Amino acid sequence: MLLRLTILSFIISLLALGCEEKEKQVKTEEKKEVEDTMEIEVPKPITITGDELAVIKIKDSGEIVIKFYYTDAPKTVENFIKLARKGFYDRLTFHRIIPKFMIQGGDPSGDGTGNAGYTIDAEFNQHQFNRGTLGMARGPNPNSASCQFFICLTRKGCAHLDNQYTAFGEVIKGMDVVDKIATVKRDKNNKPLEPVVIESMRIEMPEK
């Protein structure tokens, strides 16, 4: 009797195991079928044509529109556009303002010491630093630019920057906004007493 019960228990165990394995197989096949029907979305590569415009919205002031010198400073332009597209510049400030010279911004530290975690090589070119020219700020090393930029206020104040800093664009609209920023009150280190905030920076294509 005991032997029969043992054999019966063994048979029941085998049947239960078989059902469990079959259930697992069904679930696996169902999962595989679902996975096979899923479409894998491949991200589209971000291309830069050189025709892009940067639209810098200044809080309570207006917008500054910039076109780039892509042909003459491609790596600098690509770096700037990449940072702008990822929202790097949003809510940063213009932390250094010197009337008749330039306004400088784009520093995540807000005091002129910060960068994007890397540096890029200089791309000096034939463009002069005129009123409205966009340039990359840097340290003593010519290849120490990263994310900080400046906009010239006058040719006289910026002439000494020619071939010493990378010029990579110019203001085509909103120079009145730049001039307004240049008049704000600042401390002895030329830092605005009230933050001049970059509310957002968008990269757009010009209207055809």
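Since every read-out is calculated from the coordinates, none of them should be taken as a lab result. Everything numeric here is computed off the predicted structure, so don't read it as measured data. No Cβ is skipped: glycine too gets one built from the backbone with ideal geometry, and neighbour counts run over all protein chains shown.
Highest average first, the peptides 117-128, 60-71 ordered by how many other beta carbon atoms sit within 10 Å of their residues are 60-71, 117-128. Listed cross-link partners Lys156/Lys185; Lys82/Lys173; Lys86/Lys156; Lys59/Lys100; Lys82/Lys188 are compared with a 32 Å cut-off, the Cα-Cα value being larger for Lys86/Lys156; Lys82/Lys188. Provide the percentage of antiparallel DSSP beta bridges, counting only those with both residues in segment 67-183; round to the nearest 5. Looking only at bridges with both residues in segment 67-183, the antiparallel portion is about 100 percent. Using the Cα gyration tensor of segment 78-208, with a ≥ b ≥ c the square roots of its eigenvalues, what is the shape: rounded (a/c below 1.5), prolate (a/b larger than b/c) or oblate (neither)? In terms of gyration-tensor shape, rounded. Applying the Karplus relation 6.51 cos²θ - 1.76 cosθ + 1.60 with θ = phi - 60° to segment 47-59 yields 3J(HN,Hα) values of 9, 10, 9, x, 8, 4, 10, 9, 10, 9, 9, 9, 4 Hz, where x marks Gly and Pro. Can you tally the net charge around Gly157? Count Lys and Arg as +1, Asp and Glu as -1, for every other residue whose Cβ sits under 14 Å from the Cβ of Gly157. Summing Lys/Arg as +1 and Asp/Glu as -1 gives +3. Relative contact order of segment 103-208, taken over Cα pairs closer than 8 Å and 6 or more residues apart, is 26 percent.
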